[in-house]
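One structure is given below, encoded as C-alpha cells.
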Amino acid sequence: HCLAVRAVCQREIDCDRGNGYSWKITLLRNYWKSKVKQEWLSGKYSNIPSQFSLPEKSMYPMDVDTWGEILEAEFER
C-alpha cells in the first residue's frame, strides 16, 4: 500500500519519512490524499459543469504544491 500511495504522493511520503514518521503513520496520513489526488490527476473532474457536480469525496486538504501539480495536469490536457 505504501508503494502505491508513494507513486501518487512521492513528495508527501518522502517528506513524512524524512520527518521521522513510521511507515504506518505515513500511510494513514497520505492514503486518502493519494486516492483523491489520483482522481484529479487522471482528469476525472476535468469537465464538470459546476462545483456542485463534484462528488462529496472529491476534496481533501492538500498543499499548494499538490494543487499546482493538478493544475499543471489540467493545462496539459
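Per-residue answers, yes or no, for (1) open to solvent by less than 60 Å² (accessible area, probe 1.4 Å); (2) at pLDDT 90 or above; (3) assigned to a loop (DSSP other than H, G, I, E, B):
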site	(1), (2), (3)
Glu39	yes, yes, no
Tyr45	yes, no, yes
Pro49	no, no, yes
Phe52	no, no, no
Met62	yes, no, yes
Asp65	no, yes, no
Glu69	no, yes, no
Phe75	no, yes, no
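Taking only pairs six or more apart or across chains, which ones have beta-carbon atoms under 7 Å, a first residue in the stretch 9-35 that is open to solvent by 100 Å² or more (accessible area, probe 1.4 Å), and a second residue that is modelled with pLDDT of 90 or more and charged (D, E, K, R)? Cβ pairs passing all conditions: Arg29/Asp16.
The values are calculated or read from the model by the stated rules, or taken from the named source; none is laboratory data. Because the structure is a prediction, the values reported are computed rather than measured. Neighbour counts run over all protein chains shown; Cβ positions are idealised from the backbone, glycine included. With ligands, DNA and RNA removed, areas are computed over all heavy atoms of the protein, side chains included. Shrake-Rupley method; radii C 1.70, N 1.55, O 1.52, S 1.80 Å.
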